[in-house]
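The structure appears right after this line, and notes come after that.
The values are calculated or read from the model by the stated rules, or taken from the named source; none is laboratory data. Note that the structure is predicted; figures quoted are calculated from it, not measured. Neighbour counts run over all protein chains shown; Cβ positions are idealised from the backbone, glycine included.
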Amino acid sequence: MPAFPKPSFEFAYDLKAERSALRKWRDTKPGRAIPQKTKNHLLLATWNLANLGSQIRRPQDYALLAEVVSWFDLVAVQEVKDNRTGLDQLMAVLPKTWRGIFSDTAGNDERMAFVYDSAKVVVRELVGEIAVEPSDLKNVKLPETTVAKFEGFDRNPYIVSFQAGKTVFCLVNVHLYYGDDSAKASLERRALEAYAVARWCERESKSKNAFTPLIAALGDFNLPKVDPADPIFKALTRTGLQLPDHSTQIGSNLQGDQAYDQVAFFPTGAGARFTGKSGVFDFDGAVFAELWKTKTPVQFRSYIRYFLSDHRPLWAEFTV
């Protein structure tokens, strides 16, 4: 999306105090508890960091983002701009064992990225993007779509294989098309993209030539609701992908009313297992308490979305 406008007002905060507030929220707010890192578990997260590289964040802002990122083992990041300054600055303040890998640019001048703790996770050989060959485009179709036809992704989902412990798995980082939320053609296009992701995951996981059958798709699906009646949800889960219940039961946007960000996976068997722990971390409930007291909710969110993000991170825990 285009960069959000920079807030017209100034607000100076104490980094140490805000970092402490984040940790307190994580440790004491009901439903927000993120498990501690352990050898036999993988903490996987996804976070759309709004316009990373085009909004002018300050060193203290990157430090707050890195504080949250560092609680996990592996994080899929969306909205990394062609200008990688933002990603570089985030990596510079993460612990020294953290590494990053990213795609080329596509729609809206965006890259997909993964950042990970190399002391826990290593990149394996399979790295690429989901691309549907021209002769197969006609097969990406849904009974409900009457206006749109699938003509390819706006931003090709980014595929990277990893290993944690003895477990090898493949992750698909997505940022689905949004368009006009009130236009049928836009919703159908988004649903077709969701189905194309699900279709690839199913075909790859069942292929005799698969690098690994353990596959998950995660990222910003622009999913309005986790609801069987929602067309995006129906398309994404059509091939058997599951979206886990979240302990927080809140949306991943700042208003908390949209389920945009998700981790979708097939029921896991040998080599990995979902522990049943997953949630959204609403960092905006913890930081900048003084700003909340002195500004309107709209002004507060304008500051949060510019210097931090308009999305909240979503996480899930797996055995490895």
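Summary table below
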read-out	value
Subset of the range 285-299 [without any contact (Cβ under 8 Å) to a residue 24 or more places away in the chain and assigned to a helix (DSSP H, G or I)]	W292, K293, T294, P297, V298
Enumeration of residues in the range 51-85 that are among the β-branched types (V, I, T) and either more than 25 Å from F11 (Cα to Cα) or more than 13 Å from the chain's Cα centre (by Cα) (or both)	I56, V68, V75, V77, V80, T85
Criterion: under 29 Å from T212 (Cα atoms), crowded, with 23+ Cβ neighbours inside 10 Å and touching a His at 6+ places or on another chain (Cβ under 8 Å) - qualifying residue of F265, F318	F318
Qualifying residues in the range 194-208 (those that are among the hydrophobic types (A, V, I, L, M, F, W, C) and under 12 Å from L142 (Cα atoms)) - the one surrounded by the fewest Cβ atoms within 10 Å (Cβ to Cβ)	A196
Looking only at the range 192-212, and only at residues there that are part of a loop (DSSP other than H, G, I, E, B) and of a type outside the set (S, T, Y), the one that is nearest to V160 (Cα to Cα)	F211
Unmet criterion (only one of (1) out of contact with any helix residue (DSSP H, G or I) (no Cβ under 7 Å at 6 or more places or on another chain); (2) within 27 Å of D282 (Cβ to Cβ); (3) among the hydroxyl-bearing types (S, T, Y)) for Y62	(1)
Answer residue from the range 285-303, given it is among the aliphatic types (A, V, I, L, M) and within 21 Å of the chain's Cα centre (by Cα) and is nearest to D14 (Cα to Cα) among those	V287
Filtered residues of the range 163-181 (kept if surrounded by fewer than 21 Cβ atoms within 10 Å (Cβ to Cβ) and in a loop (DSSP other than H, G, I, E, B))	G165, K166, Y177, Y178, G179, D180, D181
All positions within the range 258-284 that are within 23 Å of K225 (Cα to Cα) and either hydrophobic (A, V, I, L, M, F, W, C) or touching a helix residue (DSSP H, G or I) at 6+ places or on another chain (Cβ under 6 Å) (or both)	A259, V263, A264, F265, F266, F274, V280, F281, F283, D284
Any pair with Cβ under 8 angstrom, 6 or more apart, that starts in the range 46-67 at a residue that is in a strand (DSSP E or B) and ends at one that is among the basic types (K, R)	W47/R312; A50/R305; N51/K81; L52/K81
Residue list for the range 6-36, filter: outside any loop (DSSP other than H, G, I, E, B) and either exposed (fewer than 13 other Cβ atoms within 10 Å of the Cβ) or among the small types (G, A, S) (or both)	K16, A17, S20, A21, K24, D27, T28
Residue check, K184 among the basic types (K, R) and surrounded by fewer than 19 Cβ atoms within 10 Å (Cβ to Cβ)	yes
Residue within the range 224-238 that is farther than 30 Å from I56 by Cα, touching a helix residue (DSSP H, G or I) at 6+ places or on another chain (Cβ under 6 Å), at pLDDT 95 or above and among the basic types (K, R) present	yes
From N108, N156, residue being of a type in the set (S, T, N, Q) and either at pLDDT below 95 or over 26 Å from L236 (Cβ atoms) (or both)	N108
Within the range 121-162, considering residues that are of a type in the set (A, V, I, L, M) and assigned to a loop (DSSP other than H, G, I, E, B), the one farthest from L42 (Cα to Cα)	V147
